[in-house]
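Engineer: What follows is a single structure, and I will ask about it in a moment.
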Amino acid sequence: MLELLDFPVRAEIRSLSPFVYKAEALLALCGCDYRKEGVADLSLLPHGKVPVLKDGDLVIPDSSLIQRHLEQHHGLDIDAGLTGVERAMAEAFRRMAEEHLRWTMVYARWVDPAGEDEIIAAAFSGVPEAARRPVFLEVREEVRQALHMQGIGRHAPEDIYAFGCNDLDAIATFLDDKPFFMGDRPTSVDAFLAGLLINMLTSRIDTPLTHHAQAIPAFADYVVRFEREVFGPRAMLPAHLAEATAA
């Protein structure tokens, strides 16, 4: 059985990491039998981050490498019906979401003071209570430096959130009223977008990014549709999202 490694969190969604969500969705889409395991010490993992997929003696880090492995060895072919132009469009939106929009969510979670309580509760529940905030502050400084190196962190907060809101608008415009991002069935770009959006839609962090995502009705319909289509009986739907889409 394949094993997908994530960091242990108590959450109402599959993972706080859109990349882990993507990897799990791809496993489900190719019909693989798998289980998830939490890893408290990420330093034990290749590259020091999740997701990591274990397939027998093979250890595959990074969601893109996991996707390639599933395509080469487990029959994943969800993008087979896309034209060359459609593949290029999907790749451009995926890159925007992974390498730009995601960083605005990282800023909201780890640097903006509004995210402190939620992230401490979600990500550090396994840490002794007295140590949670000190550990959070250490991680915050590491994230702040990473954001500065990436470039997003060099901007004023209002500009960072404007960048993210513009990305959300672009996604909403292209998604329009289609069931999935590229048409009538899910493809690999949906695996990341759904994971990213569901993290925003379930966030309790009071920021312009959260409010903007939650103000686009198509996003809730989209992530609920994706969960039900991909995971079937194993769909994990926060009650407020399921109720909103049923209304």
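Engineer: Taking a temperature of 25 °C and a viscosity of 0.890 mPa s, what whole-number D in µm²/s does Stokes-Einstein yield for the range 72-129 with Rh from Kirkwood over alpha carbon pairs?
Structural biologist: Reported coefficient: 167 µm²/s.
Engineer: Turning to a different aspect of this structure: Relative contact order for the range 1-72: what percent, with Cα pairs under 8 Å and sequence separation of 6 or more?
Structural biologist: About 40 percent, as a whole number.
Engineer: I'm a student and want to see the number: the projected area of the Cα convex hull of the range 132-247, averaged over all directions, in nm².
Structural biologist: Across all orientations, the range 132-247 yields a mean hull projection of 8.8 nm².
Engineer: Taking 8 Å as the Cα distance limit and 6 or more residues as the minimum spacing, I'd like the relative contact order of the range 196-247 as a percentage.
Structural biologist: Relative contact order here is 30 percent.
Engineer: Suppose we keep just the DSSP beta bridges with both residues in the chain; what percent of those would be antiparallel, to 5? Don't jump to the answer; show the numbers that get you there.
Structural biologist: Values: 8 of 13 bridges.
Bridges in the chain are about 60 percent antiparallel.
Engineer: With N denoting the number of residues in the chain, provide Rg(C-alpha) divided by 2.2 N^0.38 Å, to two decimal places.
Structural biologist: Here the Cα radius of gyration is 0.98 times the empirical estimate.
Engineer: Still on this model: Could you calculate the contour length gain from residue 77 to residue 91, that is, 0.36 nm times the residue separation minus the distance between their Cα atoms, to one decimal place in nm? If you can, show how the numbers build up before the last one.
Structural biologist: On the way: separation 14, 0.36 × 14 = 5.04 nm, distance 1.56 nm.
So the chain would gain 3.5 nm between residue 77 and residue 91.
Engineer: Can you pull the three principal axis extents for the Cα set of the range 1-134, in Å, largest first?
Structural biologist: 52, 34, 26
Engineer: Separate question: Work out how much length residue 130 to residue 155 would gain on full extension: take 0.36 nm times their residue separation and subtract the Cα-Cα distance, in nm to one decimal.
Structural biologist: 5.7 nm
Engineer: Normalising by the residue count of the chain, find the relative contact order in percent from Cα pairs under 8 Å and 6+ residues apart.
Structural biologist: 22
Engineer: Summarise the accessible area of the range 6-48 (1.4 Å probe, protein heavy atoms) by the percent that is carbon and sulfur.
Structural biologist: 50
The values are calculated or read from the model by the stated rules, or taken from the named source; none is laboratory data. Note that the coordinates shown come from a computational prediction; the quantities given were computed from them, not determined experimentally. Quick note on the areas: whole protein, heavy atoms, side chains included, nothing else; ligands and nucleic acids left out. Shrake-Rupley method; radii C 1.70, N 1.55, O 1.52, S 1.80 Å.
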